Amino acid sequence: MNTRVLTGITTSGTPHLGNYAGAIRPSIRASTQAGVDAFYFLADYHALIKCDDPQRIARSRLEIAATWIAAGLDAERVTFYRQSDLPEIPELCWMLTCVTAKGLMNRAHAYKASVDQNLLKQVDPDDGVTMGLFSYPILMAADILMFNAHKVPVGRDQIQHLEMTRDIAQRFNHLYGGDYFVLPEVQIEEDVATLPGLDGRKMSKSYDNTIPLFEGGAGALRAAVMRIVTDSRAPGEPKDAEGSHLYTIYRAFASPAEAAQFRTQLEQGLGWGDAKQLLCERLEQELAPMRERYAELMARPERIEDILQAGAAKARKLSAPFMARLREAVGLRAAAKPAGKGASAKGKGAAGGKARFVSFRDEQGLFRFRLLGTEGQELLLSESFADPKAAGRAVQALRSGVLDELLSLEGQSAALSVDGRVVARLAAEHLPQLRGALAELAAQ
Ligand code: AMP
C-alpha cells in the first residue's frame, strides 16, 4: 500500500512566503514521489476558529487554492479538496469528540498559551477562548484519521497535536474493538526552513509580518522585502549573515552555492539595500512564472471551483464508505438491524438477534464483509475484494454450511479459502462461534 501523506493550510489570510517555502513547495515535491498518495486540503473549518470575517475567509479559500495549483500541484494525481466540502469531517470530529478526554484538550499548547496570557492580564483564564480553539486538536485528528494518513509533515509546534491524534485514534479503536484508524506518524522536515517575517519573528498571519507570495504582484513583494528589519551596519561594514533574517530567507530560495556567495558578499560589507535587491531578484526568478499562472486562475474562479469539486468527489469516494463503517461501529445503524456492542438484553431480544453478513466498502473503496453474531458482535472480517461478485461468492460459500471444506489450520490461526484464495482469517479459538453462527444461517 502506498504511504498516505496529508497536510492542510488554514484559509484565514493571503498565502505568504513562509507557507510556500515551509509547506506548499515541499508538499508538491513529496507528491511526485512514487509510492506516495498525497492528500492536501484547504483547512477552512479551522479558519473559522481564527477569523470571523466572511469576506476574508472566502477570498483566502480562493487564493490558497490558486496558489497550490499555480505552484505546480497536479490535482489529478493528489487528492486536493476543501475540508468543508466533506460532511464526513465534522461527523467524524463529533465521534472523536465523544471519546476524547477533556483533560487531554486542557493540555493543548494553543489553549494553554491563551490561558497563560489571560492569567498575566489578570482576567478570566478562559477569556476569549472559544470551544473551537479549545477543541481544535480534535478537528485536526478528524482531518488526519478520515483518510488514515500514515505521515503528516508538520512543524515542531504541531508534534503535540499528532500525539493527541494517536491517543484519540487508539481510544476509539479500543472502545469499538477494531483497527479502524491507523496511528499517524509525524514527519519533521529538518531541511525545510521556518522563514522569519519582516520583524524577525516567525512569518505568520497572526503577527502581521508576512511577505505576500503572489498578491499585489512583484511590487508588493518588493515593498515587503524592503521593510525586512536589519541591523544598522552601514554599507562596507561586515555583516553577520547567519544572524540576519534576510540571509535566512535568501537561503530558502537559493542553491547552496548561491547561498554561500550571498553570505560571503554580506560578510565583505554588502549594503543592506543591495542585499534586499539581490533577494528580490532571487525570489522573482522562482516566483514570477507562478505569479502569472496565479493571476490567470484568480481571474477564473469557476475553474478553481471545478478543480475543488472534482477533488471533493475523489475524497468522498474514500470518506463516505469509511464513515458508513464508523457509523456501524458506534451503533448508528438502520433501525432494522440488531443492536450491537453495549445493547441491553432487552434491546437484543427486540431486535431479533440473528447472525448476519454485512457488506461494506473499506477506506480504499474495496469490498469486504463481516459476519456478525446474534448480539451484533463481529465473528469474521473478510479480506478486501476488488470485485464485489467475488465477495458475494465468498459469502455464498460460507452460507452453504460447508465450513470444513473452506478451512485450513495453521497453528493457532485459521484461514478460509474460496475459489483458491484466502477470503478471511481468524483465531482458531473463535471457530466454534463461527461454526454455530454459520449453522444457524444455513438453517434459516
Ligand atoms: P498555517 O497558515 O498556520 O495554517 O500554516 C500552513 C503551513 O505553512 C504549515 O505547514 C506551516 O508549517 C507552514 N508555515 C507557516 N508559516 C511558516 C513560516 N514562517 N515558515 C515556514 N513554514 C511556515
### Query
Pairs under 8 Å by beta carbon, first residue at positive phi in the range 28-45, partner outside any helix (DSSP H, G or I) and surrounded by fewer than 19 Cβ atoms within 10 Å (Cβ to Cβ), six or more apart or different chains?
Gly35/Asn2; Gly35/Thr3
### Residue satisfying condition, being outside any helix (DSSP H, G or I) and within 13 Å of the ligand (Cβ to nearest atom), within set Gly200, Gly177
Gly200
#### Entry: Evaluation of His161 against (1) loosely packed, with under 14 Cβ neighbours inside 10 Å; (2) within 14 Å of the ligand (Cβ to nearest atom); (3) more than 30 Å from Glu242 (Cβ to Cβ); (4) not basic (Lys, Arg) (one fails), failing number
(1)
### Message
When you scan the range 136-144, do you find a residue that is in contact with a strand residue (DSSP E or B) (Cβ under 9 Å, 6 or more places away or on another chain), more than 13 Å from the ligand (Cβ to nearest atom), touching a residue at least 12 places away in the same chain (Cβ under 8 Å) and of a type outside the set (Ser, Thr, Tyr), even just one?
### Response
yes
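Conditions (1) more than 15 Å from the chain's Cα centre (by Cα); (2) part of a helix (DSSP H, G or I); (3) of a type in the set (Val, Ile, Thr); (4) within 19 Å of Ala43 (Cβ to Cβ), marked per residue:
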site	(1), (2), (3), (4)
Pro153	no, no, no, yes
Thr165	no, yes, yes, yes
Ala193	yes, no, no, no
Ser206	yes, yes, no, yes
Pro235	yes, no, no, no
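Please tell me if Arg316 is touching a strand residue (DSSP E or B) at 6+ places or on another chain (Cβ under 7 Å) and surrounded by 13 or more Cβ atoms within 10 Å (Cβ to Cβ).
On the way: touching a strand residue (DSSP E or B) at 6+ places or on another chain (Cβ under 7 Å): no; surrounded by 13 or more Cβ atoms within 10 Å (Cβ to Cβ): yes.
When the stated conditions are applied, Arg316 does not pass them.
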### Query
Picking from Ala65, Ala23, which residue would you name as being over 21 Å from Ile138 (Cα atoms) and at pLDDT below 95?
Ala23
#### Entry: Flag if Lys202 is among the charged types (D, E, K, R) and either surrounded by fewer than 14 Cβ atoms within 10 Å (Cβ to Cβ) or within 28 Å of Ile159 (Cβ to Cβ) (or both)
yes
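Which of the following residues is surrounded by 12 or more Cβ atoms within 10 Å (Cβ to Cβ), under 24 Å from Val330 (Cβ atoms) and modelled with pLDDT under 90: Gly436, Gly376? Reasoning before the result, please.
Working: Gly436 fails: under 24 Å from Val330 (Cβ atoms).
None of the other options fit; the residue is Gly376.
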### Task
Provide a single number: the residues in the range 370-391 that are without any contact (Cβ under 8 Å) to a residue 24 or more places away in the chain and out of contact with any Phe, Trp or Tyr (no Cβ under 8 Å at 6 or more places or on another chain).
1
### Query
Among all residue pairs at least 6 apart or on different chains, which show Cβ distances below 6 Å where the first residue, located in the range 210-225, is over 19 Å from Ala23 (Cα atoms) and the second is basic (Lys, Arg) and surrounded by 15 or more Cβ atoms within 10 Å (Cβ to Cβ)?
Val225/Lys276
### Task
From the list Ile28, Ile49, pick out the single residue that is within 16 Å of the ligand (Cβ to nearest atom), β-branched (Val, Ile, Thr), over 22 Å from Pro301 (Cβ atoms) and surrounded by fewer than 22 Cβ atoms within 10 Å (Cβ to Cβ).
Ile49
### Message
Residue pairs, Cβ under 7 Å, 6 or more apart or interchain, first in the range 395-408 and under 20 Å from Gln444 (Cβ atoms), second hydroxyl-bearing (Ser, Thr, Tyr) and surrounded by fewer than 18 Cβ atoms within 10 Å (Cβ to Cβ). List them.
### Response
Leu406/Ser417
### Query
If you take the residues of the range 332-373 that are exposed (fewer than 14 other Cβ atoms within 10 Å of the Cβ) and of a type in the set (A, V, I, L, M), which of them is modelled with the highest pLDDT?
Leu332
### Message
Could you check the range 1-25 and list, in sequence order, the residues that are more than 8 Å from the ligand (Cβ to nearest atom) and in a strand (DSSP E or B)?
### Response
Thr3, Arg4, Val5, Leu6
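The values are calculated or read from the model by the stated rules, or taken from the named source; none is laboratory data. Everything quoted here is computed from the prediction, not taken from an experiment. FYI the Cβ positions are ideal-geometry reconstructions off the backbone, even for glycines, and counts take in every protein chain you see.
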